[in-house]
Amino acid sequence: MRLRLLPPLLACALACAAPARATAADAAHVAAAAERAHALDLARDPQWRALLHYRADRFGGGVTSVADEPDFFLAPQGRTDPRAELDATLAALAAPAGAVARADQHPQCAFPARFAWLDARLGLVAGGVARQPCPAFAEWRALLGPVRGVSLIFPEAFLNNPASMFGHTLLRIDAAPPTDTVERRDLLAWAVNFAAETGSDGGALFAVKGMVGAYPAYFSLWPYAEKVKQYADWESRDIWEYRLPLADAEVERLLLHVWELRGVRFDYYFFDENCSWALLGLLRVARPDVDLQGRFAAWAIPADTVRVALADLGLAGDVTWRASAATRIGHDARWLDAGERRLALALASGARAPDDPAVAA
């Protein structure tokens with residue numbers, strides 16, 4: 001039984017797993033933490049709402065998470081009940097070693113951003129909650145290495161793909177190796193991407209399913225160099241890079257949440273809940289008092305989300321423009337005379353070989 005089904009039976013589970021004295025202490029920790037959380041009204045705190053991706057319902061006064069993965073929630077009704085999810089999370093974080101949530105991890109390991117924030121607000125560890133070892137998360141975090149910040153990345157439109165006709169956005173986790181050049185350091189970074197799994201669908205079916213949210217979408221982590229190769233070299237899209245002024249604690253909270261979102265399904269909608277809108281949700285976790293997603297009620301065009309993010313969050317340092325292969329070739333071609341252009345076209349089409357004497361001349 002996964003832990004998301006345990007909170008209603010937590011006392012029984014603890015009694016079976018530990019001596020009576022330990023069970024009573026665990027129950028006391030949970031009860032005290034829940035009492036403090038209710039007094040602070042943490043279920044309505046913007047940070048808690050951001051971590052669970054809650055959005056206000058269009059009708060009525062409730063909320064619903066846009067995350068569509070059942071085991072992202074620890075309470076059966078957690079997708080629509082922030083307080084129930086908070087209570088279930090507090091119980092799960094205090095569970096003994098051996099308890100598992102999603103991906104067969106202890107809840108502290110599966111949800112490190114939730115644990116870090118609730119510990120900071122409620123003093124869970126200081127109050128007696130045992131900190132559990134999380135080797136898989138520690139290995140993943142070590143893979144990312146030292147981090148100096150986050151950049152918002154905007155590859156321009158790609159007309160050959162309907163899903164990218166208005167551009168795309170992703171986040172770059174900026175690496176901080178001390179001896180590398182800026183160019184090499186940026187290419188060594190990791191990129192957080194959000195994309196739908198569309199299979200081989202095309203044409204009208206692709207459009208219809210994209211409009212009604214029939215595709216699953218996931219966050220994923222990629223070497224940034226691979227994304228540069230994909231966008232700038234293969235798809236000939238210029239890339240704009242904007243360093244965001246996030247504090248170290250905000251960056252770390254974002255990283256913890258990226259781990260929490262591994263394998264979490266979101267229904268993908270081309271017009272509103274798309275790649276750019278979803279990434280604004282990550283920035284909301286980093287800085288919950290700035291609800292960028294709330295600025296886009298009907299549709300979210302990538303270029304518009306970039307403008308709103310920079311207007312509300314600001315910019316740290318200069319903007320970097322990474323020219324695509326096509327842009328670089330076009331720039332160089334302007335310096336050729338008519339004969340050189342004809343020769344270049346002949347080379348490109350295969351009419352002349354690279355070792356042709358005319359080329360060497």
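Results, tabulated for the structure shown:
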| item | result |
| --- | --- |
| Residues located in the range 236-259, provided they are out of contact with any helix residue (DSSP H, G or I) (no Cβ under 8 Å at 6 or more places or on another chain), over 25 Å from residue 299 (Cα atoms) and not in a helix (DSSP H, G or I) | 247 |
| Scope the range 153-190; condition assigned to a loop (DSSP other than H, G, I, E, B), crowded, with 18+ Cβ neighbours inside 10 Å, at pLDDT 65 or above and not charged (D, E, K, R); matching residues | 167, 168, 169, 189 |
| Among (1) at pLDDT 90 or above; (2) not in a loop (DSSP other than H, G, I, E, B), the one test that residue 291 misses | (2) |
| Among residues of the range 298-327, those that are in a helix (DSSP H, G or I), surrounded by fewer than 14 Cβ atoms within 10 Å (Cβ to Cβ) and not small (Gly, Ala, Ser), counted | 1 |
| Positions within the range 46-78 being closer than 25 Å to residue 27 by Cα, surrounded by 15 or more Cβ atoms within 10 Å (Cβ to Cβ) and over 19 Å from the mean Cα position of the chain (by Cα), in sequence order | 74, 75, 76, 78 |
| Hits in the range 110-136 - residues which are over 20 Å from residue 45 (Cα atoms) and surrounded by 21 or more Cβ atoms within 10 Å (Cβ to Cβ) | 110, 129 |
| Those residues of the range 337-356 which are part of a helix (DSSP H, G or I) and loosely packed, with under 12 Cβ neighbours inside 10 Å, in sequence order | 338, 339, 340, 348, 349 |
| Evaluation of residue 334 against (1) within 29 Å of residue 272 (Cβ to Cβ); (2) exposed (fewer than 12 other Cβ atoms within 10 Å of the Cβ); (3) of a type in the set (Lys, Arg) (one fails), failing number | (1) |
| Any chance residue 309 is outside the structural domain of residue 229 (by TED's automatic domain parsing), of a type outside the set (Phe, Trp, Tyr) and over 26 Å from residue 73 (Cβ atoms) | no |
| Residue pairs meeting the criteria (Cβ under 6 Å; at least 6 apart or on separate chains; first modelled with pLDDT of 95 or more, in the range 248-264; second buried (at least 19 other Cβ atoms within 10 Å of the Cβ) and not in a helix (DSSP H, G or I)) | 250/287; 251/150; 258/192; 260/111; 261/219; 264/67 |
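The values are calculated or read from the model by the stated rules, or taken from the named source; none is laboratory data. Since this is a predicted model, take the numbers as computed values, not measurements. Heads up, the Cβs are rebuilt from the backbone with ideal geometry, glycines too, and the neighbour counts pull from every protein chain shown.
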